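A short worksheet on the structure shown next.
The values are calculated or read from the model by the stated rules, or taken from the named source; none is laboratory data. Predicted, not measured: the structure shown is a model, and the values here were computed from it. In this analysis, Cβ positions are derived from the backbone assuming ideal geometry, glycine residues included, and neighbour counts consider all displayed protein chains. All accessible areas refer to the heavy atoms of the entire protein, side chains included, with ligands and DNA or RNA removed. Shrake-Rupley method; radii C 1.70, N 1.55, O 1.52, S 1.80 Å.
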Amino acid sequence: MSDIRDLPVMTEADAKAIGFATFNNVPHKVIDLPDGAFTISVKTSDGRRATFCFMPYGEGAARFVDIQFHDRGTTIADANGGQMPTFNSFCITKGGRHIVDTRALTEDIKPSIMVLLLDTAVEEQERAAILTAKTKA
């Protein structure tokens, strides 16, 4: 089993004071994740479940998060012949504008995994340069 540092629920200010990012002034549950793949599974009081699978590129610290909501009641076929849950999501930018919004998509193309990339802007530029060089070779 992976070794994690699981801290108690705390205030936003307390989480920020010990070096964690915060979002909204609500109780925060902070977790130091181990290197390698690691999934956090959550469930609301009414039973709605979501998973957050933190994944590295190879070995080391996580560099992206696969996110799923499991209880919308719809699925699509996965690559292995099974079923994956589908869900809706949207992304918000400056001024509250929704720049990505899946709610208008038909059921057959609803997302089943949302991937949040954990690269810094510098890492993105470095990766783009490597990929560009590979395509020219």
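Quick notes on this one:
- Residue count, the range 109-137 (criterion: closer than 22 Å to A79 by Cα and assigned to a helix (DSSP H, G or I)): 1
- The set of residues in the range 85-98 being over 16 Å from I113 (Cα atoms), open to solvent by less than 60 Å² (accessible area, probe 1.4 Å) and assigned to a loop (DSSP other than H, G, I, E, B) consists of T93 alone.
- Considering only residues in the range 103-127 that are under 16 Å from the mean Cα position of the chain (by Cα) and not aliphatic (A, V, I, L, M), the one that is most open to solvent (accessible area, probe 1.4 Å) turns out to be T120.
- Qualifying residue in the range 67-84 (condition: assigned to a strand (DSSP E or B) and either in contact with a Cys (Cβ under 7 Å, 6 or more places away or on another chain) or surrounded by fewer than 10 Cβ atoms within 10 Å (Cβ to Cβ) (or both)): no
- Scan of the range 1-47 for residues that are surrounded by 10 or more Cβ atoms within 10 Å (Cβ to Cβ) and without any contact (Cβ under 8 Å) to a residue 12 or more places away in the chain, ordered by number: A13, K16, A17, F20, T22, S41, V42, K43
- Count - residues of the range 1-55 that are of a type in the set (A, V, I, L, M, F, W, C) and not in a loop (DSSP other than H, G, I, E, B): 13
- For the range 48-57, the criterion of being over 15 Å from the mean Cα position of the chain (by Cα) and either surrounded by 13 or more Cβ atoms within 10 Å (Cβ to Cβ) or in contact (Cβ under 8 Å) with a residue 24 or more places away in the chain (or both) is met by no residue.
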